[in-house]
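The values are calculated or read from the model by the stated rules, or taken from the named source; none is laboratory data. These numbers were taken from a predicted model, which means no experiment stands behind them. As a convention, Cβ positions derive from the backbone with ideal geometry for all residues, glycine included, and neighbour counts pool all protein chains shown.
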């Protein structure tokens, strides 16, 4: 009788061990599957953000981002595009006469602000090499039509791209080819103005 109890006990331990082994394998498979799903989500998140996301993630564009929000252009600049944005830096906005930025950010100035901001946007993706090539192929000047409807003339000065606005004001590209999922950003040192 003792022998039967001992054999039964060993059999029970064997069943429990086998059962635990299967449970561990199932748990391990479940963890592997969950890890794969997490990695896929992380990879999707790591993709390059859109123009608004890139600007929002850069401390040099806080004024621009505030202006884009005030003009209700977040959805537009987050759309598929592609767009080329000549993005004024905070220093560029600081060059405007005192009170100009605060005035533009007021709700009653939304139409003017929208015109100014969309004057900095060109439909299509034009990286620096393409811009320089277009300038060189067009006798040193290349005119682009902005989303606002006005034009900006692009030229080269001391190896840098220079923008000339409708009023004759100029801005220089200080940082080119900032990639975004829906286009490209070129940072400029001065706010350009439509007529």
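Check residue 141 against each of (1) closer than 19 Å to residue 195 by Cβ; (2) within 24 Å of the chain's Cα centre (by Cα) and name the one condition it does not meet.
Every listed condition holds for residue 141 apart from (2).
Among the listed residues 154, 162, 105, 117, identify the single one that is more than 20 Å from residue 61 (Cα to Cα), in the same structural domain as residue 57 (by TED's automatic domain parsing) and free of Cβ contacts under 8 Å to residues at least 60 places away in the same chain.
Working: 162 fails: more than 20 Å from residue 61 (Cα to Cα); 105 fails: more than 20 Å from residue 61 (Cα to Cα); 117 fails: more than 20 Å from residue 61 (Cα to Cα).
Unique residue meeting the criteria: 154.
Since residue 135 meets every condition but one in (1) within 19 Å of residue 81 (Cα to Cα); (2) touching a residue at least 24 places away in the same chain (Cβ under 8 Å), which condition does it not meet?
Failed condition: (1).
Taking the condition of being within 16 Å of residue 134 (Cα to Cα) and outside any strand (DSSP E or B), how many residues in segment 170-195 meet it?
Count: 0.
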